[in-house]
Amino acid sequence: MPKTPDELLAFLDGLGISVSTVRHPPLFTVAESQSLRGEIAGGHTKNLFLKDKKGAYFLLTVEEEAVVDLKTIHNLIGASGRVSFGKPDMLMDLLGVAPGAVTVFGAVNDTEGRVKIVLDQGLMREETINAHPLTNEATTSIRRDDLLAFLKATGHEPHVLKAAA
């Protein structure tokens, strides 16, 4: 059973990681996020759940304005050939979230380490990073170093891209 947003926040608290969360109407796209977010400081994320031809899964988390070329990104993330979007049922099975709520915090639900987490270097320049806390009805702000500590605590060693492509 996937963790709930409250369980995620309790997990972060248990790691000694302080976050702040702002609740808002459901947001399904970056454009909606930009128009309704208000003033939440820091870098905002765009997340792509991808699969390669051999069945490997990737969560690509980039700065919201980054342009990702799906025809070439496989060269940067270590995929076996071109990638496509992962199916919604696998997104739920592996990261415990539905389309529209894809988030780096989904790593907490990938207990078998089946998803490779890939972070954009541009996003990692931000001191504070904002992402959905397993629901698209809120935005959680976390310090960059705390995000990395969270990912390590979930058993994920994120790969940081030099540039999104």
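Readers should treat all values here as calculations from the given coordinates under stated rules, not as data from a laboratory. These numbers were taken from a predicted model, which means no experiment stands behind them. Virtual Cβ from ideal backbone geometry, glycine too; neighbours counted across all protein chains shown.
What to note about this one:
- Charge dipole of the chain about the Cα centre (unit charges at C-beta), most positive-ward option of F58, L134, M1: F58
- Alpha carbon centroid spacing (whole Å) that separates region 106-138 from region 45-78: 13
- Shown here for region 56-165: trypsin sites (Lys or Arg not before Pro) in loop regions (DSSP other than H, G, I, E, B) with at most 11 other Cβ atoms within 10 Å, namely K71, K162.
- In straight-distance terms, cross-link reach from K51 covers every one of the lysines whose alpha-carbon lies under 16 Å from its own, apart from those fewer than eight places away in the same chain; here that gives K71, K87, K116.
- Region 53-150: C-alpha gyration tensor shape, a/c 1.5 cut-off, then a/b vs b/c: oblate
- The charge dipole of the chain, taken about its Cα centre with unit charges on the Cβ atoms of Lys, Arg (+1), Asp and Glu (-1) only, comes to about 600 debye.
- Applying 1/(1 + (r/R0)^6) with R0 = 30 Å to the Cβ-Cβ distance of K87 and A149 gives a FRET efficiency near 0.50.
- Computing FRET efficiency as 1/(1 + (r/R0)^6) for E157 and Q121, where r is the C-beta to C-beta distance and R0 is 22 Å, gives about 0.90.
- Rounded tilt (10° steps) of 144-153 against the dominant C-alpha axis of the chain: 70
- Taking 0.36 nm per residue of separation and subtracting the Cα-Cα distance, full extension of the segment from N75 to S18 would add 17.0 nm.
- Share antiparallel - DSSP beta bridges, the chain, percent rounded to 5: 65
- Using just its DSSP H runs of length 4 or more, each adding -39500 (n - 2.57), the chain gives a mean residue ellipticity at 222 nm of -6500 deg cm²/dmol after division by all residues.
- Relative contact order of the chain: 30 percent, from C-alpha pairs under 8 Å at least 6 residues apart in sequence.
- (1) 43, 34, 24; (2) 58, 41, 30; (3) 38, 32, 27, with the label sought being that of the calculated Cα extents along the principal axes in Å: (3)
- Among H132, H156, sorting on how many other beta-carbon atoms sit within 10 Å of each Cβ, with the fewest leading, yields H156, H132.
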